[in-house]
Structure formats: C-alpha cells, structure tokens
Amino acid sequence: MLATSDADGRTTVTPRGGPPGFVRVLDAKRIAWADLTGNRRIDGLRQILDNPQVGLLFLIPGMRETLRIDGTAYLTRDPGVLRAVDVPGRTASLAVGVAVRTAFVHCGKAMIRSRVWQPESWPAPEELPSAAAMLLAARSERIPVEQAAASLEQGYVTHLW
C-alpha cells in the first residue's frame, strides 16, 4: 500500500502489487517498482510530484507482520532502473523509486485480531456487495451491475499489466 499526500496534506492510499519481489532493492537506501497499468488513475503519481513524502505498508499473504517504509518518492524513466524493475512479459515506461528514511517490521497484532489471513473468519461472498455494485454506487453513470462486473473482469484479463 502506497500512502501519498498532495501539497495541501490530503492523503490517499493506493494498493500496489505484482509478482513476488516486484519491489526491488536498488541499493542500501533505495527501492523501486514498475508503474504498471492499474485503474488508470494517477492520483498517487500526481501527489508524489506535489509532495514526495510517502509511506509504504507491505502485506505478505499469510504473514502476520508487515513491513513499513517511510521515505521520499520520485518518478523515473532511468533505463537502468526500468530494467531492474521489469516484471515477466512487461517493461514499464515509468518506475516509482523511494529513498528510504525509515524501514521496520511492524508487529502482527492487528493481523491476529482481524483474522485477515484466516479464510474461515471471512464473510460468505453472498454477504458482501460486489465490486461492481460498489463502483456503481460511487459513480453517477447508471449501467446494469452485470455490465460493470463484465467490464471489471475483462480488464483483469486484458489489462492486468
């Protein structure tokens, strides 16, 4: 998870993801990852340009502890960095780097209390609203939920990277 803030301090958190190891250590004080196709919103990138101070929270499935990193982010097209952050089948045209200020392992108490990695504690899928229904509730466009769901699924197949 990438937390960014604009020049006025309005904060947002966006998920980032990729194959295991997609965030690469460039050296003792810098990490980077490829900026790959997501929902085509660039809020976090704009905010990095306004205010480069960021916070990262790394969640690893099944692991109670998280890794927290705070630092100064930057956007780069440096060919060496882009090669370093390649993912299988995809070379990004932009990478996000972070000059690390602090990094530490955070205890797993919140994960233990939430039982987030215990599938038997999860609500049944039919008890949850669908992602398509949540998207439509937040938008002014009115299309059938089934159409929104199909569009989401198509995007997961054709635009994952």
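What to note about this one:
- Of all residues in the stretch 19-35, those satisfying the criterion of being within 15 Å of Gly97 (Cβ to Cβ) and touching a residue at least 24 places away in the same chain (Cβ under 8 Å) are Phe22, Val23, Arg24, Leu26, Lys29, Arg30, Ile31, Ala32, Trp33, Ala34, Asp35.
- Residue match in the stretch 43-52 (condition: under 20 Å from Ala103 (Cβ atoms) and touching a helix residue (DSSP H, G or I) at 6+ places or on another chain (Cβ under 8 Å)): no
- Identity of the residue in the stretch 35-60, within 11 Å of the chain's Cα centre (by Cα) and aliphatic (A, V, I, L, M), that ends up surrounded by the most Cβ atoms within 10 Å (Cβ to Cβ): Leu56
- Scanning the stretch 110-121 for residues that are in the same structural domain as Gln47 (by TED's automatic domain parsing), surrounded by 15 or more Cβ atoms within 10 Å (Cβ to Cβ) and modelled with pLDDT under 90 turns up nothing.
- Verdict on Val157 being closer than 28 Å to Pro19 by Cβ, out of contact with any strand residue (DSSP E or B) (no Cβ under 6 Å at 6 or more places or on another chain) and at pLDDT 90 or above: no
Yes/no matrix, rows are residues, columns are (1) out of contact with any Ser or Thr (no Cβ under 8 Å at 6 or more places or on another chain); (2) at pLDDT 95 or above; (3) not assigned by TED's automatic domain parsing to the domain that holds Gly108:
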| site | (1), (2), (3) |
| --- | --- |
| Val23 | yes, yes, no |
| Ile42 | yes, no, no |
| Arg46 | yes, no, no |
| Asn51 | no, yes, no |
| Leu57 | no, yes, no |
| Thr66 | yes, yes, no |
| Ser93 | yes, no, no |
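- Residue within the stretch 8-21 that is of a type in the set (A, V, I, L, M, F, W, C) and over 13 Å from the mean Cα position of the chain (by Cα) present: no
- Any hit, the stretch 71-85, residues being out of contact with any Asp or Glu (no Cβ under 7 Å at 6 or more places or on another chain), surrounded by 14 or more Cβ atoms within 10 Å (Cβ to Cβ), among the aliphatic types (A, V, I, L, M) and within 14 Å of Ala3 (Cα to Cα): yes
- So Arg41, is it in contact (Cβ under 8 Å) with a residue 40 or more places away in the chain and of a type in the set (Lys, Arg): no
The values are calculated or read from the model by the stated rules, or taken from the named source; none is laboratory data. Keep in mind that what you see is a predicted model, and the values were worked out from it rather than measured. Glycine also receives a Cβ, built like all others from the backbone with ideal geometry; neighbour counts cover every protein chain displayed.
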